[in-house]
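Only the coordinates and a few stated rules stand behind these numbers; no lab work does. Predicted, not measured: the structure shown is a model, and the values here were computed from it. So basically every Cβ, Gly included, is an ideal-geometry build from the backbone, and we count neighbours across all protein chains shown.
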Amino acid sequence: MTALLDVHVPSKRFGDRRVLDNFSLTLEAGEIVSLVGASGCGKSTLLRIVAGLDREHDGTVTLDGQPQHGVSRDIGVIFQEPRLLPWLTVAQNVGFDADAARARDPHVFTLLEEVGLSQVADALPKALSGGMAQRVAIARGLFNRPPLLLLDEPFSAVDAFTRIRLQELLLAIAREHDTTLLLVTHDVDEAAWLSDRVIVMGGGRVLDEVTITEQRPRNRRSPALTEARNRILEILEGAHVL
Amino acid sequence: MNTAARTSSLQATVSSARPAVPAGRAGRPHPALGWVLPVLTLLAFEALVRSGVLAAHLFPAPSEIVRTLFDLGSGLASHIGVSLARVAGGFAIGASLAVIAAVVVGLDRRAEALLDPTFQALRAVPSLAWVPLLLLWLGIDETPKITLIAIGAFFPVYLNLLSGLRNVDRKLVELGEVYGLSRTALVRRILLPASLPSLYTGLRVGLSLAWMFLVAAELIAATRGLGYLLTDGRETSRPDIVLAAILLLAVLGKVSDSVLKSLEKRALVWRDALETRLG
């Protein structure tokens, strides 16, 4: 394995408040890594820095050996809300980066097949349920075949059953596209089930990290995952953030 | 395992994704409902004039107004044609300039600081106040009339589009940033489509003001047009001509608004709002 992403942020402030404090993170290609922590611990800020959406910091972001100075087509982003453009069809949303002229790109339909939405390619977003809309957002995030996909609490707005199905879908797609995932989540179970590594954050720093060695496909109720989840909670409790 | 196979169970149809719009208590109202009030008013007017309650030389009966419309014949078509052309020209110019101004002011704080206070001050000037100035500057032909109508159409389009641009969801703008859109692409692909509902509101208000400013323009220094008919009716003591012109302005205003409304409905079919759900 080789390092795909290298992030080092000595300090990131919002006014007087320090949100990130000497934060470093390295991701190997093909890894699935989650950032967990209480609200305000800096995890979403870190994701925005990696995405190139927040450039007001003194850190460095290196992707595949190349320093990043802004947004990049090699980094896909999936937000908490689907953020579909309501005036574009499902297919046009997925192929947004290719502009309207190339929205009939066969790649769009392959991606829609993969997320199980090829039947609604020509539908407008208003006709979709929350789960369906988030699947469209996943397909759009993968359109440029980015080696790294960032996900900011992508399933927090859907019901528990849909969340499980979307987690399975994300995992399958990441494996098929050989995509590295960096996921921000509040959901400790989600982090444990999806990830190879869980970075536990508090006060803008890495408190600790938990490596999940359980083989895939994983059983959500397996003792190893329960143990990993308990370990994450212990770290958070130990840092008095729970 | 193939993801397509894994997700086959996720295949869903759109129809069940959202509940149907709850129908109103009486369902969709009949389109003829809008005719009830005007028809009843005209019938009452006719009865009051014929029974002598209202003086016929001041309040001509609706049937008399219809006869006047027929008597005006081909001359009437010419008046209507001239007024329509003035409104169309003035509205097109005013609305186009307003779109450009709103985009410039909406995207650039310096342009806003420079231009917006002036626009806000000019907006407060009543339509008739422009007339003498435009006549002095531009003469008495078509130019001052079309300019006045363009001024009337400009401000509602400018204000509504500016407000629409300012209220575009920040999250959609951020999506544009993720895709590295240039400023022009951001305007074309996100800001303008997202502001389309506000733009249409502005266009509809602008069009109704264009008709109002048309009358202001034609009341003075015109020899043709519906505004001229109003002046002509007053000067020749013909209330039937005045009322015929008013009736035509109402009909033309309503028809042009309906055209714009149907364009709006078609363009905003994507909107998930009560307006589009009521159909």
Let me check I have the definition right: for segment A:120-203, take the eigenvalues of the Cα gyration tensor, multiply each by 5, take square roots. What are those semi-axes in whole Å, largest first?
22, 16, 11
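Hey, can you list the DSSP H helices of chain B whose Cα span along the axis is 24 Å or longer and whose average Kyte-Doolittle score is at least 0.0?
Passing helices, by number: B:33-50, B:62-107, B:142-166, B:192-219, B:239-267.
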The orientation-averaged projected area of the Cα convex hull of segment B:130-279, in nm², is 11.7
Hey, got a sec? Which GluC sites (Glu not before Pro) in segment A:1-66 land in a DSSP loop and have at most 16 other Cβ atoms within 10 Å?
A:E56
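Which whole-number percent gives the relative contact order of chain A, counting Cα pairs below 8 Å spaced six or more residues apart? Please list the in-between numbers first.
Working: 460 pairs, mean separation 60.4, N = 242.
That works out to 25 percent.
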Mind checking the alpha-carbon convex hull of chain B and giving the volume per residue in Å³?
194
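Quick one: which of A:163-173, B:104-114 comes out on top by average Cβ neighbours within 10 Å, and what's the full order, highest first?
Per-residue mean Cβ counts within 10 Å order the peptides as A:163-173, B:104-114.
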Helix A:160-177 versus the longest principal axis of chain A: what angle, 0 to 90°, nearest 10, using Cα atoms?
80
Along Cα→Cβ, 7 Å out, is where each label goes; now give me the distance between the ones at A:R17 and B:D141 in nm to one decimal.
6.6
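Please report the equivalent ellipsoid semi-axes of segment A:15-67, computed as sqrt(5 x eigenvalue) of the Cα gyration tensor, largest first, in whole Å.
Semi-axes (√(5λ), whole Å): 20, 15, 9.
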All alpha-carbon distances of segment B:73-173, grouped into 10 Å bins from 0, give the whole-percent distribution 15, 36, 30, 13, 5, 1
Sum of -39500 (n - 2.57) over DSSP H runs of 4+, divided by residues of chain B (222 nm, nearest 500)
-24500 deg cm²/dmol
Determine which residues of segment B:94-129 fall in the zone a paramagnetic label at B:V173 would reach in this model, i.e. backbone nitrogen under 20 Å from the point 7 Å along Cα→Cβ.
B:99-117
Entries of B:K145/B:K261; B:K145/B:K265; A:K126/B:K261; B:K145/B:K254; A:K12/B:K171 with Cα pairs more than 29 Å apart
B:K145/B:K265
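Percentage of Cα-Cα pair distances in chain A greater than 28 Å, rounded to whole percent?
Pairs farther apart than 28 Å: 32 percent.
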Normalised convex hull volume, segment A:62-167, alpha-carbon set, Å³ per residue
108
If the viscosity is 1.306 mPa s and the temperature 10 °C, what Stokes-Einstein diffusion coefficient in µm²/s follows for the protein assembly as shown when Rh is the Kirkwood radius over Cα pairs?
57
Comparing A:R140, A:R205, A:R218 in a Gaussian network model of chain A (Cα, 10 Å), the one with the largest mean-square fluctuation is A:R218
When chain A is modelled as a GNM with alpha-carbon springs shorter than 10 Å, which of A:F23, A:F161, A:F79 fluctuates the most?
A:F161
Based on the alpha carbon coordinates of segment A:6-140, what radius of gyration and maximum Cα-Cα distance (Dmax) apply, in Å?
17.4, 51
Could you please rank B:K171, B:K265, placing first whichever residue has the fewest other Cβ atoms within 10 Å of its Cβ?
B:K171, B:K265
